[in-house]
Amino acid sequence: MPVYFRKLIRYCCSALCILTAASGILLFLALRSEYDTAIRHFTQGAALPLIPAVLCVIGTALAFVPAIAAAAKKISCAPMQSASPAIFAATLLGFLLFASFIMDIRALTDAGLSWFARILPAMGGLSAFYFLAIATRKENSAPSPIPALLSLIPILYAFLSVMDTYFDASYAMNAPLKSYELMMYLSMALFFAAEARLTLGRQKTAAYCLFSGLCLVLCGTVGTAELITSLISAEYGFSLMESASSLVCAVFAAVRLFTLDEIPPAPVEAEEAADENKA
């Protein structure tokens with residue numbers, strides 16, 4: 001991988017982390033000062049909620065920079081599987097998803113809840129096994145059918161979360177926080193789709209850079225704001241486990257983006273190259 005691209009990835013990832021932290025804290029301040037929990041909407045004329053949205057737009061634009069560079073130079077790289085921060089983040093995300101499933105297990109048999117609310121905990125619990133499989137996967141291991149099959153479950157979980165948020169009657173259709181959450185789950189679904197391609201050995205570096213950056217910014221912003229808010233007060237109705245999962249998903253995306261490295265040649269290709277050098 002070219003040195004300039006490695007530096008570009010790390011500078012962009014660092015800038016995205018700073019933008020995400022700032023937008024998450026600002027969104028939290030907006031929730032605490034300009035949010036009406038009775039109608040689940042920001043107060044009329046509130047300006048503070050707009051600043052995190054602007055920062056998210058800037059972060060989205062910044063995520064395109066390494067993606068465009070990778071597409072222009074046809075760079076092929078993938079995250080390092082053996083990176084300790086990635087293993088820790090994947091394990092923690094799997095633990096949080098499974099813990100959320102255990103806490104919401106009653107939803108599987110509660111006929112009074114919507115089918116979204118009944119299926120989502122199960123999908124989250126099954127998704128946990130994929131992230132645990134990532135954490136135990138060895139470097140340069142061949143694609144396996146089990147992780148490949150499991151990689152589809154987080155995508156389904158994220159898209160069901162999009163639908164659940166969209167049809168959530170407790171929010172007004174034009175509620176800004178609803179829009180924040182919809183964008184968060186959409187970015188999560190795109191990132192999980194890029195992860196699935198990585199698991200299948202069909203990764204596209206440009207798409208992976210873009211979707212990782214989007215997930216970092218949007219999941220980090222909403223996850224940070226809702227997690228801190230849920231720790232302070234329960235009247236907002238945010239789920240502590242879901243907020244923590246969103247934030248850790250952003251951390252996982254950041255680590256994966258930061259640890260992008262050149263894909264080593266396959267053993268057969270390496271032997272052919274060695275033979276050519278000898279000749």
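The values are calculated or read from the model by the stated rules, or taken from the named source; none is laboratory data. Because the structure is a prediction, the values reported are computed rather than measured. Note that each Cβ is placed from the backbone with ideal geometry, even for glycine, and that neighbours are counted across all protein chains shown. These accessible areas exclude ligands, DNA and RNA; they are computed on the full protein's heavy atoms, side chains included. Shrake-Rupley method; radii C 1.70, N 1.55, O 1.52, S 1.80 Å.
What pairs come up if the first residue lies in the range 194-217 and is open to solvent by less than 10 Å² (accessible area, probe 1.4 Å), the second is basic (Lys, Arg), and their beta carbons are under 6 Å apart, counting only those six or more places apart or on different chains?
212/256
When the range 49-66 is examined, which residues are found to be under 17 Å from residue 218 (Cα atoms) and of a type outside the set (Val, Ile, Thr)?
49, 50, 52, 53, 55, 56, 59, 61, 62, 63, 64 - these are the residues of the range 49-66 that are under 17 Å from residue 218 (Cα atoms) and of a type outside the set (Val, Ile, Thr).
Residue 18 passes all but one of (1) free of Cβ contacts under 8 Å to residues at least 40 places away in the same chain; (2) not in a helix (DSSP H, G or I); which number fails?
Unmet condition: (2).
Among the residues of the range 222-259, write down those that are open to solvent by less than 30 Å² (accessible area, probe 1.4 Å) and hydroxyl-bearing (Ser, Thr, Tyr).
Correct list: 224, 229, 230, 233, 236, 243, 245, 246, 259.
Could you check residue 100 against (1) at pLDDT 90 or above; (2) closer than 14 Å to residue 242 by Cα and say which number it fails?
For residue 100, the exception is condition (1).
Filter the range 143-169 down to the residues that are modelled with pLDDT of 85 or more and part of a loop (DSSP other than H, G, I, E, B), then identify the one that is surrounded by the fewest Cβ atoms within 10 Å (Cβ to Cβ).
167
Among the numbered criteria (1) out of contact with any strand residue (DSSP E or B) (no Cβ under 7 Å at 6 or more places or on another chain); (2) more than 30 Å from residue 71 (Cβ to Cβ), which single criterion is violated by residue 176?
In the conditions (1) out of contact with any strand residue (DSSP E or B) (no Cβ under 7 Å at 6 or more places or on another chain); (2) more than 30 Å from residue 71 (Cβ to Cβ), residue 176 misses (1) alone.
Out of 189, 172, report the one residue that is farther than 19 Å from residue 227 by Cβ and modelled with pLDDT of 90 or more. Break it down into steps so the answer makes sense when it comes.
Working: 172 fails: modelled with pLDDT of 90 or more.
The conditions single out 189.
Name every residue in the range 29-46 that is surrounded by fewer than 20 Cβ atoms within 10 Å (Cβ to Cβ) and either in contact (Cβ under 8 Å) with a residue 12 or more places away in the chain or of a type in the set (S, T, N, Q) (or both), in order of residue number.
Step one: of the range 29-46, the residues surrounded by fewer than 20 Cβ atoms within 10 Å (Cβ to Cβ) are 29, 32-34, 36-41, 43-46.
Listed by number, the residues that qualify are 29, 32, 33, 34, 37, 39, 40, 41, 43, 44, 46.
Can you name every residue in the range 170-213 that is more than 29 Å from residue 260 (Cβ to Cβ) and either small (Gly, Ala, Ser) or part of a helix (DSSP H, G or I) (or both)?
Here is the first cut: in the range 170-213, the ones more than 29 Å from residue 260 (Cβ to Cβ) are 170-179.
Correct list: 170, 172, 175, 176, 177, 178, 179.
Could you give every pair whose Cβ atoms fall below 6 Å, whose first residue belongs to the range 80-103 and is part of a loop (DSSP other than H, G, I, E, B), and whose second residue is open to solvent by 20 Å² or more (accessible area, probe 1.4 Å) and modelled with pLDDT under 90, counting only separations of at least 6 or pairs across chains?
Going by the 6 Å Cβ cut-off, the qualifying pairs are 80/261; 81/137; 81/139; 82/139.
Pairs only if they're at least six apart or on different chains, beta carbon under 6 angstrom, first in the range 1-13 and over 15 Å from residue 254 (Cβ atoms), second open to solvent by less than 10 Å² (accessible area, probe 1.4 Å); list them, first residue then second.
Close Cβ pairs (under 6 Å, with a partner that is open to solvent by less than 10 Å² (accessible area, probe 1.4 Å)) amount to 1/77; 8/66.
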